[in-house]
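The values are calculated or read from the model by the stated rules, or taken from the named source; none is laboratory data. Quantities reported herein were computed from a predicted structural model and do not represent experimental measurements. Methodologically, a virtual Cβ is constructed for each residue, glycine included, from the backbone with ideal geometry; neighbour enumeration extends over all protein chains shown.
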Amino acid sequence: MLTIFSSIVVHLGHFENPPIRNSYSSAFTGLWNRMQLLAVLKGLAQGYIVTAPAMLVMRLVGQEGR
């Protein structure tokens, strides 16, 4: 019932698209830039934390599947 009602509202309504405005701003605050740098560093650390144990096992033990 809700789908039928919403379909009727959409078909009978007179809707207009809002005007498109430029929402891109190239001037970010210093805090935003520092937070982005922190996110990059956290991503690099996370990648190291995930891959370092696997590389260590491969170096010390060798191929585990053999």
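Things worth noting here:
- Scan of the range 36-66 for residues that are among the basic types (Lys, Arg) and in a helix (DSSP H, G or I), ordered by number: LYS42, ARG59
- The criterion of being surrounded by 10 or more Cβ atoms within 10 Å (Cβ to Cβ) and either more than 22 Å from the chain's Cα centre (by Cα) or modelled with pLDDT under 90 (or both) holds for ASN33.
- Taking the criterion of being of a type in the set (Ser, Thr, Tyr) and either touching a Phe, Trp or Tyr at 6+ places or on another chain (Cβ under 8 Å) or modelled with pLDDT of 85 or more (or both), the residues of the range 1-28 that qualify are THR3, SER6, SER7.
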